[in-house]
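Here's the structure we're looking at; comments come further down.
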Amino acid sequence: MAGKNLFRKPFDEGTIVKLKLYTDYLNEWAPVFLSKKVPIWKTIQIFDFFAGQGKDSLDNPGSPLIALEVIRSFEKLIIERELTVILHFNELEEEKYNALVECLEGCEGNFKIRTYKQDFQSLFNECYESMKESANFLFLDQNGIKEITSELFARIIVLKQTDFLFFISSSYFRRFANTPEFQKHFPFDPIEMQNIEYYHIHRKVLAHYKSLIPVGKTYYLAPFSIRKERNIYGLIFGTNHTLGIEKFLNVAWKNDKLRGEANYDIDSEKIDIRSPSLFPQFNIPSKRDVFEKNLTAKILSGEICKRNDAYLFTLNEGFLLKDANTVLKKLWNDKKIKSVIEYISTDLHKHKQDIPIII
């Protein structure tokens, strides 16, 4: 019976990390649409296409209950602003679906809950038109890699106000790279996949999805790698808006203070921020060092000649706006640029007037 926890298990460490990132970002995302005095979007939808059972055997909340808790905290504003908020929860497996429905009993509020027991592709197609008329958050917690195809990715990134977070079994890209089924969706070089540093496999996955963004289209992606026992999994976040990528990167750096992209030492540098080395240069991750050198070189070569372009480069490299400020301030102090820069650390989208960087 669904009411008994016979088939539930406690969440493992990797799942806890994933759900923590999901929770943190939803708490950043929801106020953008629900707290605005004059809402741009009157309908807000959250789609959880692989919702699972709702909670684990220890009653720790899964993604459906997390979304409910976040939305419930805005119920007063939902009423005041006359918003329509719809939570879509889908689970294909019969036992899990029954447990999910039971878990959601009595959770109704000033928002709508819709449950489904459908395969992902058919439900996505069924809901797609409604996504064009609302602000959306898509959570795609698939088991494996097959659902987020290039075709599906292309359909998601053209939606106007839609952020997504999808979970992918990055290790599968290495394990199955030479199989016909894999090659049909992901034409990677199997030899190249075998030669990639194992802990860096999710970076390669991110590069694949970045390559699918059409030339001339501005779209932001960011990864977060998760190690679960011997396997590497990962989240990929996507958004059309600088505010979205700023908020996700804030969440990522909150959860990985050294590199903002993993729950493990992804570059095997053995840096311990609790017990730093006596030599400062050994406390700086190579990722940050490379970023600062690249941004400096692009500014001094004239390739980046405006402040906002420096900030956009920073976001695309997975760093925060304050990290760009570190580079800009050093160039100013070293008298390598002459500009008087108005530094910002948040809300790039609000700063329409750009400032030239004068060398």
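The values are calculated or read from the model by the stated rules, or taken from the named source; none is laboratory data. None of the values given here were measured: they were computed from a predicted structure. Note: ideal-geometry Cβ built from the backbone for every residue, glycine included; neighbour counts use all protein chains shown. Just the protein is used for accessible areas: all its heavy atoms, side chains included, with ligands, DNA and RNA removed. Shrake-Rupley method; radii C 1.70, N 1.55, O 1.52, S 1.80 Å.
If you go through the range 182-225 and keep only what is among the polar types (S, T, N, Q) and either free of Cβ contacts under 8 Å to residues at least 24 places away in the same chain or more than 19 Å from residue 171 (Cβ to Cβ) (or both), you end up with 183, 194, 195, 211, 218.
Take the range 333-359 and flag every residue that is under 11 Å from residue 311 (Cβ atoms), open to solvent by 40 Å² or more (accessible area, probe 1.4 Å) and either free of Cβ contacts under 8 Å to residues at least 60 places away in the same chain or assigned by the TED database to the domain that holds residue 251 (or both). Once the filter is applied, which keeps residues that are under 11 Å from residue 311 (Cβ atoms), open to solvent by 40 Å² or more (accessible area, probe 1.4 Å) and either free of Cβ contacts under 8 Å to residues at least 60 places away in the same chain or assigned by the TED database to the domain that holds residue 251 (or both), the range 333-359 yields 343, 345, 351, 354. Residues that are open to solvent by less than 60 Å² (accessible area, probe 1.4 Å), in a helix (DSSP H, G or I) and out of contact with any strand residue (DSSP E or B) (no Cβ under 9 Å at 6 or more places or on another chain) within the range 184-204 comprise 185, 190, 193, 204, listed in sequence order.
Only one of the listed residues (79, 46, 66, 40) is over 17 Å from residue 143 (Cα atoms), outside any loop (DSSP other than H, G, I, E, B) and open to solvent by 30 Å² or more (accessible area, probe 1.4 Å). That residue is 79.
Within the set 313, 291, the sole residue that is at pLDDT below 95, crowded, with 16+ Cβ neighbours inside 10 Å, outside any loop (DSSP other than H, G, I, E, B) and outside the structural domain of residue 235 (by the TED database) turns out to be 291. Looking only at residues of the range 148-160 that are at pLDDT 95 or above and not in a helix (DSSP H, G or I), we find that the one that is most open to solvent (accessible area, probe 1.4 Å) is 158.
Every residue, every condition in (1) assigned to a strand (DSSP E or B); (2) open to solvent by less than 70 Å² (accessible area, probe 1.4 Å); (3) within 23 Å of residue 45 (Cβ to Cβ), yes or no:
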{"position": "130", "(1), (2), (3)": "no, yes, yes"}
{"position": "146", "(1), (2), (3)": "no, no, no"}
{"position": "182", "(1), (2), (3)": "no, yes, no"}
{"position": "207", "(1), (2), (3)": "no, yes, no"}
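Would a scan of the range 99-114 turn up a residue that is open to solvent by less than 50 Å² (accessible area, probe 1.4 Å) and polar (S, T, N, Q)? No, every residue in the range 99-114 fails to be open to solvent by less than 50 Å² (accessible area, probe 1.4 Å) and polar (S, T, N, Q). Of all residues in the range 320-332, at least one satisfies being assigned to a loop (DSSP other than H, G, I, E, B) and surrounded by 13 or more Cβ atoms within 10 Å (Cβ to Cβ). Residues in the range 101-123 that are more than 21 Å from residue 74 (Cα to Cα) and out of contact with any strand residue (DSSP E or B) (no Cβ under 8 Å at 6 or more places or on another chain): 102, 119, 121, 122. Checking every residue in the range 33-47 against the condition of being touching a His at 6+ places or on another chain (Cβ under 9 Å) and not β-branched (Val, Ile, Thr) gives at least one match. Scanning the range 333-345 for residues that are part of a loop (DSSP other than H, G, I, E, B) and farther than 22 Å from residue 287 by Cα returns 334, 335, 336, 337, 338, 339, 340, 341, 342, 343, 344. Within the range 13-27, none of the residues are open to solvent by 50 Å² or more (accessible area, probe 1.4 Å) and more than 24 Å from residue 252 (Cα to Cα).
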